[in-house]
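Colleague: Here it is: the structure, laid out below.
The values are calculated or read from the model by the stated rules, or taken from the named source; none is laboratory data. Quantities reported herein were computed from a predicted structural model and do not represent experimental measurements. Neighbour counts run over all protein chains shown; Cβ positions are idealised from the backbone, glycine included.
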Amino acid sequence: MAEVEETLKRIQSQKGVQGIIIANSEGIPIKTTLDNSSTVQYAALIHQLVMKARSTIRDMDPQNDLTFLRVRSKKNEIMIAPDKDYFLIVIQNPSD
Amino acid sequence: MPPKRSKSAKSSAGKKKKGGKTQSPTPPPPDHPEDIFPLVLTSATQELFGCRTDEDVTRENPYKLLKKDDIIQDMRMRATVSDFTPARQIVLDYPEEELLLVFDRDFTYGVSFYLVVTPEAKERMLKPPEPETQEEAETEINKTPEPKEWISLGSEQEVDEESVGQTREKALQYVRLQREVGKAVSFSDCSAADAKEHYLECASYQDSRFSITQMQRDCGTQAVPTLQSSSAQTHRKFLRNLAIQYVPRVFSKEEVESILQSESLNTFCSTVTSSVLLALQQEVITNVFFDELKALSTEEDGDWSGKVSKGLSLHQAFTDQMYSKHKSVGSVHWHPTIHGVIAVALKGKQEELLVRPAFIVFYSFSDPSNPQLLLECPDDIFAFDFCPSNPNIIVGGCSNGQVVLWDISTHVTYIQGTQPSSKKASVNIFDLDDDAVIKTPAVRHCAVSALESSHKAPITDVQWLPPTFEVTRLGAPVENLYNICVQVVTCSPDCTVMFWDVRKPKILSHMVTESNQNGDQTALNTPFVSEMFKHLDRTWKPLFRVSLPNIHSSGEYAPLKFSLEHYTCNSSTNAEHSDENEAKAEVTPEYSQLSAPSAKSGLRGLDDVNTKFYAGTDCGEIIYTDWKIEKDDSGHLYNSKPLLCFRTHHCSVNTIQRSPFFRDIVLTVGNCNFAIWKEEVMDGPIILSPNSEHECTAGCWSPTRPAVFFIGKEDGSIEVWNLLEKISEPMHVHAHITNTRITCIRAWTAAPKQHFLAVADDLGMLRIIEIPKTLYNPSRKESSNVQKRFGSETDRLQDYLKRGGLWEQGLNKQEAEKLKKEVESEKQKSKKLEVNRKLYSDFLALEESQLRHTGLQTHTIPRSAHIH
């Protein structure tokens, strides 16, 4: 519990971070700093994206695995750290 | 057929027959055959011999055999009287016993009887029933054709080809038997059918022992599609998802709690945190996707090709022999809506002594050598303007101070180029007959202002007030109900700026109707006058006047050109009010039905209209003043003094134009330089050009590029200035665009790729020049760059002024010191001068005494030769 809180605090303190979401492997959000609707939307959509990305990597080389995913858009950047059971989503506003 | 006898012979024969007694023998006709002897027999003879006509001898039975002896006896008895006398010899010679006498009823030989001479003929006559005379003719007719000589026409060759014959000799082959060599052989014919043993005959017969079975038989097949009809029935309704509604799965609170407590989550967080932090930091440091090279480019892609022409190319030139001769162009305007139509105001030059009729000439791109339409003016027009809301109405200012209105709505078709008469098929240049010249249609002005209330000097600038607001009698701006232009502003060097209203003034309505009646008579004579502004004709008075009192001294400024700020109505006003406006604006009434509102009408005042305007005078000053009339303490109406006045140009100002991109930037062109002003900056022009050697006579902003403008010069060249590149000199100079001074430049965008510049010169010629792509394509962010430039220039100006102030202070100090020094030095100088004078006078005295002493001098030196 404390671990999770501390993680969130550390990440939140970085410059430009807009929101953090922790979700389980099925895309159900566990912990978040955004509002409910955005959280649900982000979690579901990004879960699909992570699944696709992971399957892509593993199809090309079964020994390989996805460790980190960064999606950069015009307005912000979304960073996804996947794991076996959970994944962490961080939305950051780039500096420029 | 024997030829017909002559009628006379016939008739004489007929007579004879009737008479019967006449004995005169007719000479036998020469055309009787030899074996017939025509004979005349009297009735006595006839009775004697029993051959009376029509009794014994008839037509059917014309033959009578007479005994020879009887005839001879008769001849003996009657001797010469006998009828047979002429035939005596014949009778005597006759071999047979009986002679044939033929009764010729038809008088074939001229007489009724004839005697057959020869027995052969007798036989012939009696045997065949036909008359002897016809026989010969018929045999001649029925002769069988004789065989003619055969002429070869080439058919023998074909016959030869077809015929089967021997082509060669028979080949005889001797067959000699070996044992019988030398024996005589005799061949003979033998027919194969005669002897049975010479041939073998195989007759066909039916053999029943075997029969030929047919192994192959040709048969035909045809494929026929097998058709089978069947039916099926499906369910009408089948289930399909129409909409999906889903709810995201969420954990319940307890579940969340439990997960948060779980160990796996903790480990996950600890492992993931480091990489996430790293990524976040990376992002903060730098943007990896930023392309520096691309950001360096400032120009567009198309400019790198060197083929784009930089020069201004001449597109068309308009001039007209009849109307623009010896005239210079005063002002040029493009028609706001019709493509390719430009109106040129011609004014006479000062050297002209004759008063020639003045015109505004319309040219069209479709017909460069002839004007399409003329507007008649009472006097030379220096300035005119199209009404923005109705381009058929044109207001012009005359050189005698009157304001003139035209309405060309009836003649608009001429300039639209749809009239076939305006296009000439062929014009004979050498046609000296003036009547053959096709007349350009002319429109007479429909209203002029009252002479006594107009300007006292030529009107040099005319503009319509924009349709977004109108002005009351006191100059306060109020809203414009119908969004049409109703007011005109004019300025003139008689030191006034006047506001005119084109609607019917309320107060003078009864007077106007009177004058209308008078005007009707004149209107009948001139058919082209429009009825639109009849209420204004000759009684038009300005709404109010604005005088421009001089700031520093008494007197007034004489404005030549002015520029108003164009006001666009704010839509953020009362929604109700705007709805009302829209409802009224749907029906735009005619000008004659509109009337100027009274001062107490409920029109809403517009507070955010800028009532200040720039004006350029003929002394080269730019003044910025307010047109609102204010009330004095004593109730007098007066115009406030201008807010600022700058003597930037040395001589008259010929152009003031607002930038089409920025509302507060104004370009003024004066004698030898031009200046750019910003409205809020009261200290002076933000950009002032260096003096040029040639006089600048016209100026125009580019309609598409915020930083580019064109300056026309006295020597006929056009300078293109680009504020972003250089301020001290033009970007490009195009020399010799015209031959004399350029009087007016106007730019217009015809099409996205076609931009034109109308350049008018002093000889009455108008040239249309095409602007190249580089000059009309704005560069990237040009607008913002230009704004930044103006901002920097403003800062520079203010900085300069500040420094100037400081410097002046310093200068003053210096000057004071200098003055002191000067005064001191002057004092010293004067002292020295006095000393010198004294010395000189001493010397003169000495000289005089010396001379007197020596005795040479007889008279004294005049004392007037002083050293000054």
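Colleague: For region B:433-447, state whether one or more residues are β-branched (Val, Ile, Thr), modelled with pLDDT under 80 and touching a Lys or Arg at 6+ places or on another chain (Cβ under 8 Å).
Modeller: Yes: one or more hits.
Colleague: Still on this structure, please answer the following. Quick check on region B:674-689. Is at least one of its residues touching a Cys at 6+ places or on another chain (Cβ under 8 Å), surrounded by fewer than 18 Cβ atoms within 10 Å (Cβ to Cβ) and modelled with pLDDT of 80 or more?
Modeller: No: region B:674-689 contains no residue that is touching a Cys at 6+ places or on another chain (Cβ under 8 Å), surrounded by fewer than 18 Cβ atoms within 10 Å (Cβ to Cβ) and modelled with pLDDT of 80 or more.
Colleague: Next up: Looking only at residues in region B:369-384 that are within 25 Å of the chain's Cα centre (by Cα) and assigned to a loop (DSSP other than H, G, I, E, B), which one is surrounded by the most Cβ atoms within 10 Å (Cβ to Cβ)?
Modeller: For region B:369-384, the residue satisfying everything is B:Pro371.
Colleague: Among (1) crowded, with 17+ Cβ neighbours inside 10 Å; (2) part of a helix (DSSP H, G or I); (3) touching a residue at least 24 places away in the same chain (Cβ under 8 Å), which single condition is A:Ile89 missing?
Modeller: Failed condition: (2).
Colleague: Here is a further query. Taking the criterion of being assigned to a strand (DSSP E or B) and more than 7 Å from every other protein chain (Cβ to nearest Cβ), would at least one residue in region A:53-74 satisfy it?
Modeller: Yes, that holds for at least one residue.
Colleague: Hey, another quick one. Can you report the number of residues in region A:24-50 which are more than 9 Å from chain B (Cβ to nearest Cβ) and touching a Phe, Trp or Tyr at 6+ places or on another chain (Cβ under 9 Å)?
Modeller: Total satisfying the criteria: 6.
Colleague: Going by the structure shown, is B:Leu667 out of contact with any helix residue (DSSP H, G or I) (no Cβ under 6 Å at 6 or more places or on another chain), over 24 Å from B:Val332 (Cβ atoms) and assigned by the TED database to the domain that holds B:Ala751?
Modeller: Spelling it out, it is not the case that B:Leu667 is out of contact with any helix residue (DSSP H, G or I) (no Cβ under 6 Å at 6 or more places or on another chain), over 24 Å from B:Val332 (Cβ atoms) and assigned by the TED database to the domain that holds B:Ala751.
Colleague: Quick check on region B:778-788. Is at least one of its residues crowded, with 21+ Cβ neighbours inside 10 Å, within 12 Å of B:Thr704 (Cβ to Cβ) and among the aliphatic types (A, V, I, L, M)?
Modeller: No, because not a single residue in region B:778-788 is crowded, with 21+ Cβ neighbours inside 10 Å, within 12 Å of B:Thr704 (Cβ to Cβ) and among the aliphatic types (A, V, I, L, M).
Colleague: Test B:Pro660 against the stated conditions and say whether it is modelled with pLDDT under 80, part of a loop (DSSP other than H, G, I, E, B) and under 28 Å from B:Asn480 (Cβ atoms).
Modeller: no
Colleague: In region B:545-554, what count of residues is obtained for those that are over 23 Å from B:Phe384 (Cβ atoms) and either at pLDDT 70 or above or surrounded by fewer than 10 Cβ atoms within 10 Å (Cβ to Cβ) (or both)?
Modeller: 6
Colleague: In the list A:Glu26, A:Glu5, which residue meets the criterion of being part of a loop (DSSP other than H, G, I, E, B) and of a type outside the set (Lys, Arg)?
Modeller: Unique residue meeting the criteria: A:Glu26.
Colleague: Under 6 Å by Cβ, and 6 or more places apart or on different chains, what pairs join a residue from region B:277-296 that is within 9 Å of another protein chain (Cβ to nearest Cβ) with one that is surrounded by 11 or more Cβ atoms within 10 Å (Cβ to Cβ) and among the aliphatic types (A, V, I, L, M)?
Modeller: Every condition considered, the pairs that remain are B:Ala279/A:Met79.
Colleague: Follow-up question, since we're still on this one. What number goes with the only condition from (1) within 7 Å of another protein chain (Cβ to nearest Cβ); (2) part of a loop (DSSP other than H, G, I, E, B) that B:Phe238 does not pass?
Modeller: (1)
Colleague: How many residues does region B:744-756 contain that are crowded, with 17+ Cβ neighbours inside 10 Å and among the small types (Gly, Ala, Ser)?
Modeller: Number of matching residues: 1.
Colleague: Is one or more of the residues making up region A:8-23 closer than 18 Å to B:Ser262 by Cβ, more than 9 Å from every other protein chain (Cβ to nearest Cβ), assigned to a strand (DSSP E or B) and in contact (Cβ under 8 Å) with a residue 40 or more places away in the chain?
Modeller: Checked against the condition, which is being closer than 18 Å to B:Ser262 by Cβ, more than 9 Å from every other protein chain (Cβ to nearest Cβ), assigned to a strand (DSSP E or B) and in contact (Cβ under 8 Å) with a residue 40 or more places away in the chain, region A:8-23 yields at least one hit.
Colleague: Which residue is farthest from A:Ser13 (Cα to Cα), if the candidates are limited to region A:75-86 and must be facing chain B (nearest Cβ under 7 Å) and part of a strand (DSSP E or B)?
Modeller: For region A:75-86, the residue satisfying everything is A:Tyr86.
Colleague: Working only within region B:246-286, note down all residues that are assigned to a loop (DSSP other than H, G, I, E, B) and out of contact with any strand residue (DSSP E or B) (no Cβ under 9 Å at 6 or more places or on another chain).
Modeller: Within region B:246-286, B:Tyr246, B:Val247, B:Arg249, B:Ser252, B:Ser262, B:Thr286 qualify.
Colleague: Okay, next question. Among the residues of region B:729-743, are any among the charged types (D, E, K, R), surrounded by fewer than 23 Cβ atoms within 10 Å (Cβ to Cβ), more than 28 Å from the chain's Cα centre (by Cα) and part of a strand (DSSP E or B)?
Modeller: no
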